[in-house]
């Protein structure tokens, strides 16, 4: 019998992290990534709780918490959850930058269940939630996720882990959606639906 799912939600960066913000747009608005990440994570946590999936936020603080500390926290949560009969999943939420556009998912190098969750995200983003934006894929290994071990929370967390890059905060079209309640609700719902589908496949979730 499969074990129930315990989801760890990671919101990257803090209010003092330099550079993690959009330009100031002509109307005077500006997106700060720490605030966006937390807004999405809060919505996702609420949606998962309503669905009956156990969830915790890895970084409830507003200040930046180092990647080393986040990995320690995550692995402590995983150890306790495994002991209590749960299987864990970590999802780290971000907005991208660098002048591009679109959606992508990062995983650690190699074939793991993280790849399966990434594929679910891409399918939902492309067909339902972000179909007006490009899907940023790396299909050289036969699937869509971008594999890297340079984002250390992915390979060093002791459970499947993905990092979502939800559009580009320094591209005006992308950022307009990221700053809107409509866009945030939509991105959060995509995360909830992706995690629910993962839970159905691997944790016996039947809601």
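Nothing in this text is a laboratory measurement; each read-out follows from the coordinates by a stated rule. Only a predicted model underlies this, so the values are computations on that prediction, with no experimental measurement involved. For neighbour counting, all protein chains shown are included, and Cβ atoms are generated from backbone atoms with ideal geometry for every residue, glycine included.
Distance between the 7 Å Cα→Cβ label points at residue 200 and residue 61: 3.9 nm. The mean sequence separation of alpha-carbon pairs under 8 Å and at least six residues apart, normalised by the residue count of the range 6-52, gives a relative contact order of 37 percent. Between the Cα long axis of helix 181-202 and the first principal axis of the chain there is an angle of about 20°, rounded to the nearest 10. Over the chain, Cα pairs under 8 Å with separation of 6+ residues give a relative contact order of 29 percent. Please compute the modelled spin-label separation between residue 176 and residue 76, points set 7 Å along Cα→Cβ, answer in nm with one decimal. Each label point is offset 7 Å from its Cα along the Cβ direction, giving 4.5 nm. In this simple spin-label approximation, residue 3 and residue 30 carry label points 7 Å from Cα along the Cα→Cβ vector, and these lie 4.5 nm apart. I'd like the distance separating the alpha-carbon centroids of the range 1-73 and the range 98-126, in whole Å. Centre-to-centre (Cα) distance: 17 Å. Name the shape class, rounded, prolate or oblate, that the alpha-carbon gyration tensor gives for the range 68-207, where a ≥ b ≥ c are the square roots of its eigenvalues, rounded holds for a/c under 1.5, and otherwise prolate holds if a/b is larger than b/c and oblate otherwise. Verdict is prolate for the range 68-207. Rounded to the nearest 10 degrees, the inclination of helix 67-83 to the longest alpha-carbon principal axis of the chain is 30 degrees. Taking the longest Cα principal axis of the chain as reference, the axis of helix 33-51 is set at about 40 degrees. Highest mean packing first, where packing is the average number of other Cβ atoms within 10 Å per residue, the peptides 34-41, 96-103, 131-138 line up as 34-41, 96-103, 131-138. What is the list of residues in the range 178-207 whose amide nitrogen lies under 20 Å from a point 7 angstrom out from the Cα of residue 42, following Cα to Cβ? Hits in the range 178-207 for residue 42 at 20 Å: 178-193. Going by the alpha-carbon gyration tensor, a ≥ b ≥ c the square roots of its eigenvalues, is the range 1-139 rounded (a/c under 1.5) or, if a/c is not under 1.5, prolate (a/b greater than b/c) versus oblate? Oblate.
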